[in-house]
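Working notes, beginning with the structure itself.
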Amino acid sequence: ILILGDSHMMGHFGEFFHRKLHESGKYDILSIGIGGAGSKHYTQRMTNFCCGYKVRMTCCTDQICQQCTIPIFERSNTVTQKPILRNVGSKLIQVLHFWQPDAVIIALGSNYTNAHQELLSILYEYNSRLPYVWVGPFKRKNVAARYMAIEKGMATHPNGFLVRSDDIVGHDTLTSAHFTGKTAKTWANEV
């Protein structure tokens, strides 16, 4: 499985979500979380442009203790303007050919930098039958427009399934912090 996400994927949600998938014992997982990313950032050369990034990687046979964090393959906690995953070319199509996923999970929509159609076209170019799950944004300003843009892109690439985060955890606008702890874990388990 390849997971593409924003700062939520970098944080607690990404940790719990990766762990939940890993614990099934079925998947090799590569998850990429880029702070501030929208779908457009995955259609270009992936760079650490905003506020850090984190790439986690596990194989289905890896043993990870409950107190241990998911192994981090590559990361930065600050902006560097450097390419991400340079060893495979820093472009999504190159990552797809390297990792060869059977499915992709897209956890984007909170940052309004859209190129949803272009992102899905890259997946289609890699494998026209590749299934994907799109984890949508929360209740916040312009949420209806955000979902409309995602659904428009998905309409021309019907191998996908949409999971609405606003239906699971509501909104993340009460504070500037990202979901942590129990809320992040609940969100990850429900998705």
*From (1) at pLDDT below 95; (2) in contact with a Ser or Thr (Cβ under 7 Å, 6 or more places away or on another chain), pick out the condition that doesn't hold for I122.*
(1)
*Are any of the residues in region 63-80 in contact with a Gly (Cβ under 9 Å, 6 or more places away or on another chain), within 29 Å of K26 (Cβ to Cβ) and of a type in the set (S, T, N, Q)?*
no
_Condition (residue is surrounded by fewer than 19 Cβ atoms within 10 Å (Cβ to Cβ), farther than 21 Å from C68 by Cα and within 13 Å of the chain's Cα centre (by Cα)) applied to region 27-37: is it met by at least one residue?_
yes
*Which number in (1) outside any helix (DSSP H, G or I); (2) crowded, with 18+ Cβ neighbours inside 10 Å; (3) modelled with pLDDT under 95; (4) not hydroxyl-bearing (S, T, Y) marks the one condition that K54 misses?*
(3)
*With Y132, Y112 as the choices, which residue is of a type in the set (F, W, Y), touching a Lys or Arg at 6+ places or on another chain (Cβ under 7 Å) and either under 22 Å from A188 (Cβ atoms) or at pLDDT below 95 (or both)?*
Y112
*For region 20-48, which residues satisfy the criterion of being closer than 19 Å to Y132 by Cα and part of a helix (DSSP H, G or I)?*
K20, L21, H22, S39, K40, H41, Y42
*Identify the single condition in (1) open to solvent by 20 Å² or more (accessible area, probe 1.4 Å); (2) in contact (Cβ under 8 Å) with a residue 40 or more places away in the chain that Q66 does not satisfy, given that it satisfies every other one.*
(2)
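The values are calculated or read from the model by the stated rules, or taken from the named source; none is laboratory data. If you're wondering where the values come from, they're calculated on a predicted model, not measured in any experiment. Positions of Cβ are generated from backbone atoms using ideal geometry, with glycine treated the same way; all protein chains shown enter the neighbour counts. Surface accessibility is based on the protein's heavy atoms, side chains included, excluding ligands, DNA and RNA. Shrake-Rupley method; radii C 1.70, N 1.55, O 1.52, S 1.80 Å.
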